[in-house]
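The values are calculated or read from the model by the stated rules, or taken from the named source; none is laboratory data. Everything numeric here is computed off the predicted structure, so don't read it as measured data. With ideal geometry, Cβ positions are generated from the backbone for all residues, glycine too; neighbour counts draw on all protein chains shown. Only protein heavy atoms, including side chains, enter the accessible area calculation; ligands, DNA and RNA are left aside. Shrake-Rupley method; radii C 1.70, N 1.55, O 1.52, S 1.80 Å.
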Amino acid sequence: MVLALGIAGVTPAWADGESPLGYVEMPESPEGDWVLTHRTGSGHNWGRPEFIRYLVMVAQEWRRRHPDGPVLRIGDMSKPDGSEFPPHKTHRDGLTADLFTSPKNACHVNYPDQDLTLELARLMHDLGARQILYNGTKVVDNVPVA
């Protein structure tokens, strides 16, 4: 669903794939290196071009390390215009994304193999993450930006 803002009959620029902030939409993975939680065109998958490149790099390296899974799943990012994105208090700067893995979510604090969770967090850190929000002590205690 596209929410038209402003005058009736005026279509926001991002309805045609453009963002007023210069954000770009995260593409579907042609090789299956990542999965989008929300389909393209949903308004959930927008970010700064450098952040999109970062996510692609993380997903490809994760897939190289774990070709049989779990696959990185990219959830809510930002809206194309950087507007509020309930229920998130963040997700407006084009530099934020919810990350999961599937079929089992190695990003969950109750995931039994926290070594795998730590590996993903370290990979994100090593490739340039500035902040990782996570509640599990193994990640928080071992990754400087967590």
Selection count, segment 124-136, where residues are surrounded by fewer than 16 Cβ atoms within 10 Å (Cβ to Cβ) and either in a loop (DSSP other than H, G, I, E, B) or aliphatic (A, V, I, L, M) (or both): 6
Hey, GLY43 farther than 21 Å from ARG130 by Cβ and surrounded by fewer than 14 Cβ atoms within 10 Å (Cβ to Cβ) or not: no
Filter result (over 15 Å from THR101 (Cβ atoms) and either open to solvent by less than 60 Å² (accessible area, probe 1.4 Å) or in a helix (DSSP H, G or I) (or both)) within segment 137-146: THR137, LYS138, VAL140, ASP141, ASN142, VAL143, VAL145, ALA146
Positions within segment 77-105 being in a loop (DSSP other than H, G, I, E, B), touching a strand residue (DSSP E or B) at 6+ places or on another chain (Cβ under 8 Å), modelled with pLDDT of 90 or more and open to solvent by less than 20 Å² (accessible area, probe 1.4 Å), in sequence order: MET77, PRO80, GLY94
Residues that are in contact with a strand residue (DSSP E or B) (Cβ under 6 Å, 6 or more places away or on another chain) and not in a strand (DSSP E or B), drawn from segment 41-54: ASN45, PRO49, ILE52
Qualifying positions in segment 94-123 - under 19 Å from MET26 (Cα atoms) and in contact with a Phe, Trp or Tyr (Cβ under 9 Å, 6 or more places away or on another chain): GLY94, LEU95, THR96, ALA97, THR101
